[in-house]
Structures are given as structure tokens and as C-alpha cells.
1. Which residues' amide hydrogens lie under 5 Å from the amide hydrogen of Arg132, considering only partners 5 or more residues apart or on another chain, with H built in the peptide plane?
2. Extending each Cα 7 Å along its Cβ direction at Ala81 and Lys133, get the distance between those two points in nm, one decimal.
3. Scan around Tyr73 for amide H atoms under 5 Å from its own, H built in the peptide plane at 1.01 Å from N, and keep only partners 5 or more places away or cross-chain.
4. Could you tell me which of rounded, prolate or oblate describes the stretch 28-141, using a ≥ b ≥ c as the square roots of the eigenvalues of the alpha-carbon gyration tensor, with rounded for a/c under 1.5 and, failing that, prolate when a/b is larger than b/c and oblate otherwise?
5. Cross-link partners among lysines for Lys67, C-alpha distance below 16 Å, same-chain residues fewer than 8 apart left out?
6. Hey, what do the phi angles of the stretch 71-81 turn into as Karplus ³J(HN,Hα) couplings, whole Hz, using 6.51/-1.76/1.60 and θ = phi - 60°, x for Gly and Pro?
7. If you find the alpha carbon centre of the stretch 68-82 and of the stretch 84-146, how far apart are they in angstrom?
8. Could you list Ser37, Ser95 in order of exposure, starting from the residue whose Cβ has the fewest other Cβ atoms within 10 Å?
Amino acid sequence: MRNGLLKGAVLALTLGLSAPGQAQESSYTPGNYSDVSAIDVLDGQFENYMDYLAGPWKAQQEFAKSKGYITGYQVLANPYARAGEPDLFLVVVYSKIYDNAEQVRQQKEFEEFMKSDRRKLDTAYGARSTMRKSMGQQQLQELKLK
């Protein structure tokens, strides 16, 4: 009986030690990136800001999507926003992060599409502060479970 218990213990130990070697492969693969902007819409400005999002902002996202720079975008509302929390989240999804040279090239292409330049686009961003307050941005990455 002792011999049987000893063999059982050795077998259990052997199987237990070999399991981590078999589990070396990760249980996920990296997926798309999402840039999430948190927006506090100022009182009385919700419809005006939604007009902006449905117009110029959407056109910009569609341009980027048509070029393959992004894979999608969406506007998410926070219907139960507590004090200090954003009203909206603007989400832009893309599959890879471009190097600096490609980012500069894409920026120039975007400026041509907008018929503008970096300074004018920055001024327009500031002008929208009458409608909203930008509360920050996060970059997230999807982890696809196997």
C-alpha cells in the first residue's frame, strides 16, 4: 500500500510540474487601440455640441476611416453622470500606432482635407470651449481572449 501511495504522489508531482510548461502560451492576443476622450458638455450646449459631432467631427472620422487610419468611432453618453464625471466619451478605434514620419504625413493630408492648417485647427479646438470642457484622454488596448 505504501508503494502505491508513493507512486501516486510521484505521478501527481510529475503532472503538477509539467503543467506550467504546457501553459506557456498566453490566453489572449493584442487587439485594436481605442483613444477615449472624456467630454463635459456645458449647460445649455448639448444640442450645439451634438451638431458639431454630427457634422465636422463625423466628417473627420469618416475621412480617417476611408484612408484606413482608423477602423471605427463612436459617441457614448454617460446617462448617470455623477458630479465631476464626463457627459460623453468620444471613442476612436485603430489597429496600429504609426511612427512619427507617418503621423506627420497623415496630419498634412488631414489639413488638406480640412482646407486648414495646424494653427487654425488649434484655434477652432479652443473655440469649442464655449460648448464643452475636455476632461482628458485615455488610450486603451483590447485584449482578445482565446
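No lab work stands behind these numbers, since they all come straight from the coordinates. Note that the structure is predicted; figures quoted are calculated from it, not measured. Glycine gets a Cβ as well: all are built from the backbone with ideal geometry, and neighbour counts include every protein chain shown.
1. When sequence neighbours closer than 5 places are left aside, the close amide H contacts are Leu42.
2. Inter-label distance under the simple model: 1.0 nm.
3. Correct list: Val93.
4. Numbers: a/c = 2.03, a/b = 1.23, b/c = 1.65.
Oblate is the answer for the stretch 28-141, as a/c is 1.5 or above yet b/c matches or exceeds a/b.
5. Within the straight-line cut-off, Lys67 pairs with Lys58, Lys96, Lys108.
6. Result, ordered by residue: 9, x, 7, 7, 10, 10, 8, 10, x, 10, 4 Hz.
7. Here the two parts' Cα centres lie 12 Å apart.
8. Values: Ser37 17, Ser95 12.
Lowest count first: Ser95, Ser37.
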